[in-house]
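The values are calculated or read from the model by the stated rules, or taken from the named source; none is laboratory data. Since the structure is predicted, the reported quantities are computational estimates derived from the model, not experimental observations. We place every Cβ from the backbone using ideal geometry, glycine too, and count neighbours over all the protein chains shown.
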Amino acid sequence: MALVSPHRASRGPLPDQRAELMLGALVCGVLLFVLLLLVFVFREAWPSFHHNGFGWFGPGGNPDRQVQAIFTSTDLGQKPVYTFHAWPIVWGTLVTTAGAVCLSFVSALFVAVFVVEFAPEWIRRVLEPVVRLLASVPSVIFGLLGVLVLVPFIGQHVITDGNRRSVAYIVSLSGYSLLAGVLILTLMIAPLMIAVFSDGLRAVPRGWLEGSLGLGINRWRTFWKIGVRTARPALVAGTVLATARALGETVMLAMVTGGVSFAPNPADGLIFFVEPTRPLAATILQTAEQLTSAPMRHTIFAMAAVRLFSAAMLSLAGWAAKQPLKRYGVRT
Amino acid sequence: MAPRRKAILGGLTALAATIAGPATSQAATIFGSGSSASQPYIEALFKAYKKVDPNTKFVYTANNGNAGAKDVQDGKSAFALQTRPPLPSDSGLSYSKLFLDGLCVAVNPANTVNNLKISQVRDIFLATVTEWGAVPGSNQRSPISAFGRNSTAGLYTFFQSAVLGGVTQASNVTQLDKDGEVAVAVSRNQAGIGYVGLANSGPGSGVKRLKLEGQPCQASAIKTLRYPLSRYAWLVLPASSPNRTVTRFGDWIRTSYAAGLVIAREGAVPAFNAKTPPKKKHKKKHRTT
């Protein structure tokens, strides 16, 4: 404002300044909205955390039964119940997310390296649009694919009757499982990773690669040692993005993971992979119908708050991981 | 600046008037809430009722039966739909029966079992029996894969009280989100068994309905209440001075021939509806010939 002459100032800001102000106001509005959202979610969630303390995240009882007790406690006009121990749900979220991110990181890295460095031109021209298309397929389509194809396949060909009998009284191994969730989630987040990874790999200065090739190092080694190393910030960024999507994935996981709040137990051996579970976001989806009961609403918002907090921590961790890598090369 | 602001204000008020105008002046909007299992039926009935009373608009929120009854008690909703009979906690409410619905127990068509007792179904869903070998009449020799609904579903609440005796279903029941998903899961699993609404277990659904206590899960047995898992859909109204339009709508659902057709088409069972269309005076001649 100080730069504007008094004569102009009396007629208000110039059009371009007005645009700046508008955009600034918009950004402030968005920030305010996020802030209000955070305040609202955490305020609604507080009673549930307050009653359970850190036990909220710990094991203890069956969350499905606890949810029902919480929900029906207001129906009969009794004192509201808040007891909730979410460990099976938290564990289910951690395992599905970690499994899918690990699997898709490895496959996406190989695909991206292939697409950028080794693929013939025509394959590249086909692959790139296909990958972008895959990234935009709605998750319910993947869910249907899982329910109609992958889940029956796992149920019939992977799980034996012996497996089923060994845990028959605790969980049903019907194909709705951790494995189905992880595999389809991998398919969903890998395209996102491939897109970010290949952008990063493509931004590696040609001169660096050519220098290495000029010294007689073969193409493969050059690309791994120079290309992939330089693109590490992009790898981190892609992984963070994909992890955020995996954590938030709801509909597909609700459809294929079996819907039971059970913590798959690694001590069960290979059966671990075909045991059912239910991650956080899917639990919110399934219990959303019970928002009418006040203690249940606080519990649902507590789950949402955990989900929100983990997303924030994730982007913070991604930012922190990128800092030391930045000086090596390309920025993303 | 001032004239422009005035113009904008004028435009806004005009816009508001066009949006709000018809809703407030012509059509009355009536809010209802309650059972999500009855939602498809009531939505179809709203549509059909437009021919009878084009000036009334209904808005229905499926938040589940108990919440709907509470909404009516609190005066938030003009009516609610409920799939269980009245309880002592329903003070100040009047319940009336609308139509019938049935909950079927279904297995994969590859399974030769045809008839189960309620106690057998209970044993399966409480994990007392986990092998098809222990179920008489079945040719399957593998462990049972039981499919059900999650604890928020109205069908689950009904199943829990009618079959499980109020006990929570066992943890080895795979819990799915939607009625149709249970049907798909059972149709793709030879060892599967699940409870599915009447509408989603018909021919073409890929599952086989079982007889319970010798009674088939079909309209004829549900109508006479011989089928053990028959249940009424109830209209819940405030006991004192209910909304006139809603009582008329309720009577239309309960008794009219047209509503009976809609109910049957959507997969439920009309209970009290007229069996023949109302006779129109000027068409009498054609009828008699």
Quick check, is B:ARG188 outside the structural domain of B:SER36 (by TED's automatic domain parsing) and closer than 30 Å to A:ASP161 by Cβ? yes
Flag for A:PRO88 being surrounded by 14 or more Cβ atoms within 10 Å (Cβ to Cβ), within 14 Å of another protein chain (Cβ to nearest Cβ), under 25 Å from A:ALA281 (Cβ atoms) and out of contact with any strand residue (DSSP E or B) (no Cβ under 9 Å at 6 or more places or on another chain): no
Options B:VAL246, B:VAL236; residue that is surrounded by 18 or more Cβ atoms within 10 Å (Cβ to Cβ), within 23 Å of B:SER161 (Cβ to Cβ), within 19 Å of the chain's Cα centre (by Cα) and modelled with pLDDT of 90 or more: B:VAL236
Determine if segment B:217-232 includes at least one residue that is more than 14 Å from chain A (Cβ to nearest Cβ) and under 30 Å from B:ALA28 (Cα atoms). yes
The listed residue being over 29 Å from A:PHE197 (Cα atoms) and either β-branched (Val, Ile, Thr) or within 14 Å of chain B (Cβ to nearest Cβ) (or both), out of A:THR97, A:THR93, A:THR74: A:THR74
Answer with yes or no whether A:LEU235 is under 16 Å from the mean Cα position of the chain (by Cα) and within 13 Å of chain B (Cβ to nearest Cβ). no
Which condition number does B:ASP90 fail, the rest of (1) more than 19 Å from B:PHE46 (Cβ to Cβ); (2) part of a strand (DSSP E or B) being met? (2)
Give segment B:150-189 a look and list any residue that's within 19 Å of B:VAL129 (Cα to Cα) and more than 7 Å from chain A (Cβ to nearest Cβ), or say none. B:PHE159, B:GLN160, B:ALA162, B:VAL163, B:LEU164, B:GLY165, B:GLY166, B:VAL167, B:GLN169, B:ALA170, B:VAL186
Of all the residues that make up segment B:253-282, how many are assigned to a helix (DSSP H, G or I), modelled with pLDDT under 85 and surrounded by 10 or more Cβ atoms within 10 Å (Cβ to Cβ)? 0
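Let's see how each residue does on (1) surrounded by 23 or more Cβ atoms within 10 Å (Cβ to Cβ); (2) in a helix (DSSP H, G or I); (3) out of contact with any helix residue (DSSP H, G or I) (no Cβ under 9 Å at 6 or more places or on another chain); (4) within 14 Å of another protein chain (Cβ to nearest Cβ):
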site	(1), (2), (3), (4)
A:VAL228	no, yes, no, no
A:ALA242	yes, yes, no, no
A:ALA254	yes, yes, no, yes
A:PHE262	yes, no, no, yes
A:ALA267	no, yes, yes, no
A:ILE271	no, yes, no, yes
A:PHE301	yes, yes, no, no
A:ALA311	no, yes, no, no
In segment A:273-292, anything surrounded by fewer than 22 Cβ atoms within 10 Å (Cβ to Cβ) and within 10 Å of another protein chain (Cβ to nearest Cβ) is listed as A:LEU285, A:ALA288, A:GLU289, A:LEU291, A:THR292
So which residues in segment A:160-183 are part of a loop (DSSP other than H, G, I, E, B), more than 7 Å from chain B (Cβ to nearest Cβ), out of contact with any Pro (no Cβ under 7 Å at 6 or more places or on another chain) and buried (at least 22 other Cβ atoms within 10 Å of the Cβ)? A:LEU173
Surrounded by 14 or more Cβ atoms within 10 Å (Cβ to Cβ) and either within 14 Å of chain B (Cβ to nearest Cβ) or modelled with pLDDT of 90 or more (or both): which single residue out of A:LEU134, A:LEU150 fits that description? A:LEU150
